[in-house]
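Visitor: The following block contains the structure, expressed as structure tokens.
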Amino acid sequence: MAAAAALTSPLSLGARAQAVNGRLKQGVCYGTYRKWFTLDELCKEAIRIGLKGIDLVTPDQYSVVQRYGLVPSMTSSTAPNTIPIGLNRLENHERVLASLRSDITLASAAGVPNVITFSGNRGGMPGAEGLANCAIALNKIKSFAEEKNVTVTLELLNSKVNHKDYMADHSAWGVELMKRVNSPKVKLLYDIYHMQIMEGDLIRTIRENIDFIAHFHTGGNPGRHELDDTQEVNWHAVAKVIADTGFTGFLSHEFVPVRTPPIRSLEQAFQICSV
């Protein structure tokens, strides 16, 4: 009976999971699969597939993910640190930075490597002004992130389809911000789906700016669905370039599956990006 129990424990599931193929640590965003799986169920599927992390989880969920030997690879944001509010307005800094400090503190205590933040929406503000304001905010918090050994990642999103007024919608804007902050613990979350919509040229951009990127998200374009032949990105080639740079962070899948059963789409994405 003891042997049977050991075979079904989370850690034994991890020990029996298939060996990871390739050089990239892959994960999955919980929100895209919570329609079909509880967090426990998704963790079991993740280790069966060979994934290493679960993205966008809250502090009360860290222990669930870690019980399976997985990494809570990106924490979910806490209001008012949200996509439309963000750091591009001086009047938001005090409350958004307070939220970020709390997220960093909890992440550090749990050994979670990354927290997320955002530029905020434009609301008529020029990009240069918003960039300067974001730099002020991130320069205020970078020493705290460095002390706690947690990376603050600012996400690049598209303003064409999904987030109509979002400011950090181009790589060049984000890279310039990272240069002004100049911290090993303040980097970009490069969402490949969003940047394909806004600018394409993924491989060159990633290769030239990898030092400013801490994390990647995937999603097929158009539609943010499977990484398959229904969309336009050569995911195997993009994953290979990321791995060739020596990148050691996570590539986490954030597509919304439309095929049945949905877990087969995650298995396929893992194999495509195993390089």
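Visitor: For Lys187, state whether it is under 28 Å from Asn221 (Cα atoms), touching a His at 6+ places or on another chain (Cβ under 9 Å) and open to solvent by 10 Å² or more (accessible area, probe 1.4 Å). Reasoning before the result, please.
Guide: Working: under 28 Å from Asn221 (Cα atoms): yes; touching a His at 6+ places or on another chain (Cβ under 9 Å): yes; open to solvent by 10 Å² or more (accessible area, probe 1.4 Å): yes.
For Lys187, the condition - under 28 Å from Asn221 (Cα atoms), touching a His at 6+ places or on another chain (Cβ under 9 Å) and open to solvent by 10 Å² or more (accessible area, probe 1.4 Å) - is met.
Visitor: Among the numbered conditions (1) at positive phi; (2) buried (at least 18 other Cβ atoms within 10 Å of the Cβ), tell me where Gly124 comes up short.
Guide: Condition (2) is where Gly124 drops out.
Visitor: Counting residues that are closer than 22 Å to Ser274 by Cβ, which helices (runs of 4 or more DSSP H) fully inside the stretch 162-236 reach at least 1?
Guide: Working: elements: 171-181, 192-198, 202-209.
Per the criteria, 192-198, 202-209.
Visitor: Is it true that some residue in the stretch 97-110 is under 20 Å from Ala46 (Cβ atoms) and touching a residue at least 12 places away in the same chain (Cβ under 8 Å)?
Guide: So the first thing to find is which residues in the stretch 97-110 are under 20 Å from Ala46 (Cβ atoms), and the list is 107, 110.
Narrowing further to those that are touching a residue at least 12 places away in the same chain (Cβ under 8 Å): 107, 110.
Yes; the residues of the stretch 97-110 include at least one that is under 20 Å from Ala46 (Cβ atoms) and touching a residue at least 12 places away in the same chain (Cβ under 8 Å).
Visitor: Out of the residues in the stretch 193-245 that are modelled with pLDDT under 95 and among the polar types (S, T, N, Q), which is least open to solvent (accessible area, probe 1.4 Å)?
Guide: It comes out as Gln231.
Visitor: I'd like to check which helices (runs of 4 or more DSSP H) are fully inside the stretch 1-81 and have at least 2 residues that are at pLDDT below 95. Break it down stepwise before answering.
Guide: Details: elements: 2-7, 10-16, 39-49, 62-67.
So the answer is 2-7, 10-16.
Visitor: Please go through the stretch 86-116 and give me each residue that is in contact with a helix residue (DSSP H, G or I) (Cβ under 8 Å, 6 or more places away or on another chain), aliphatic (A, V, I, L, M) and open to solvent by 50 Å² or more (accessible area, probe 1.4 Å), ordered by number.
Guide: Correct list: Leu90, Leu106.
Visitor: Looking for something part of a loop (DSSP other than H, G, I, E, B) and either under 26 Å from Gln66 (Cα atoms) or within 20 Å of the chain's Cα centre (by Cα) (or both) - is there at least one such residue anywhere in the stretch 134-148? Walk me through how you get there before you give the answer.
Guide: Let us first name the residues in the stretch 134-148 that are part of a loop (DSSP other than H, G, I, E, B), namely none.
Among the residues of the stretch 134-148, not one is part of a loop (DSSP other than H, G, I, E, B) and either under 26 Å from Gln66 (Cα atoms) or within 20 Å of the chain's Cα centre (by Cα) (or both), which makes the answer no.
Visitor: Right, something else. Every residue in the stretch 137-178 that is open to solvent by 50 Å² or more (accessible area, probe 1.4 Å), of a type in the set (Gly, Ala, Ser) and farther than 22 Å from Glu91 by Cα, please.
Guide: If the condition is that a residue be open to solvent by 50 Å² or more (accessible area, probe 1.4 Å), of a type in the set (Gly, Ala, Ser) and farther than 22 Å from Glu91 by Cα, then Ala172 is the only one that fits.
Visitor: State whether the residues of the stretch 246-256 include one that is open to solvent by 30 Å² or more (accessible area, probe 1.4 Å), free of Cβ contacts under 8 Å to residues at least 40 places away in the same chain and assigned to a loop (DSSP other than H, G, I, E, B).
Guide: yes
The values are calculated or read from the model by the stated rules, or taken from the named source; none is laboratory data. No experiment lies behind these values; they were computed from the predicted model shown. Reconstructed Cβ throughout: ideal geometry from the backbone, glycine too, with neighbour counts over all protein chains shown. Just the protein is used for accessible areas: all its heavy atoms, side chains included, with ligands, DNA and RNA removed. Shrake-Rupley method; radii C 1.70, N 1.55, O 1.52, S 1.80 Å.
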